[in-house]
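The values are calculated or read from the model by the stated rules, or taken from the named source; none is laboratory data. Computed from a prediction, not measured in an experiment: that's the story for all the values here. For neighbour counting, all protein chains shown are included, and Cβ atoms are generated from backbone atoms with ideal geometry for every residue, glycine included. Remember, those area values only see protein heavy atoms, side chains included, never the ligands or the DNA or RNA. Shrake-Rupley method; radii C 1.70, N 1.55, O 1.52, S 1.80 Å.
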Amino acid sequence: MSAPETSMRRVTAINNGTVIDHVPAGKALLVLKMLGLDGKMATPVSMVMNVPSKKMGGKDIIKVEDRELTQHELDRLALIAPNASVAIIRAYTVAEKRVINLGDEVINVVYCTFANCASLGDREPLPHRMKVVSVEPLNLRCHYCGRPQDISELVENLL
């Protein structure tokens, strides 16, 4: 690769919006799904996958124009990319950096994938709580029934 190609930007800068960097390689589509960015909105979304990274080997980057992620969306993002960095862009500059914090427990972000879990009962509405057993690889267990959660199934169980 020649020098101009290596320094060339893969995605253009955005005026206002959110940049999600350091998403694990190949996980950008899952992040888009978790954030409800399904292509039916008017907001432009740019994405590059499997970009070389000194820190991670490979990474994905997502740029969402004219939208700033909420804390609830950051909590969802933590399930897929707990080490991602999120920058809020205003007037083409980084206005603030948001922190993703997975913590020891995830509360009211997703509900248990086990259909008979006590947390899904109508009679006693309970907060939806997942214990974080490990971050790498991500391993979650329901606080109530103790069952391990399949991350790909959890994407379908967002609150």
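Quick notes on this structure:
- Exactly one residue out of Ala78, Ala91 is out of contact with any Asp or Glu (no Cβ under 9 Å at 6 or more places or on another chain), among the small types (Gly, Ala, Ser) and closer than 19 Å to His22 by Cα, and it is Ala78.
- Search result, residues across segment 104-129 that are open to solvent by less than 60 Å² (accessible area, probe 1.4 Å), hydrophobic (A, V, I, L, M, F, W, C) and in contact with a His (Cβ under 8 Å, 6 or more places away or on another chain): Val109, Val110, Cys112
- Test: Pro137 is free of Cβ contacts under 8 Å to residues at least 12 places away in the same chain, surrounded by fewer than 14 Cβ atoms within 10 Å (Cβ to Cβ), closer than 16 Å to Lys27 by Cβ and not hydrophobic (A, V, I, L, M, F, W, C): yes
- Yes/no for Val132 being in contact with a Lys or Arg (Cβ under 7 Å, 6 or more places away or on another chain), over 16 Å from Lys27 (Cβ atoms) and open to solvent by less than 60 Å² (accessible area, probe 1.4 Å): no
- The residue list Glu156, Glu136 contains one member that is charged (D, E, K, R) and either at positive phi or in a loop (DSSP other than H, G, I, E, B) (or both), which is Glu136.
- In segment 50-74, the residues that are open to solvent by 60 Å² or more (accessible area, probe 1.4 Å) form Cβ pairs under 6 Å with partners that are modelled with pLDDT under 90, at six or more places apart or across chains, as follows: Asp66/Thr43; Arg67/Thr43.
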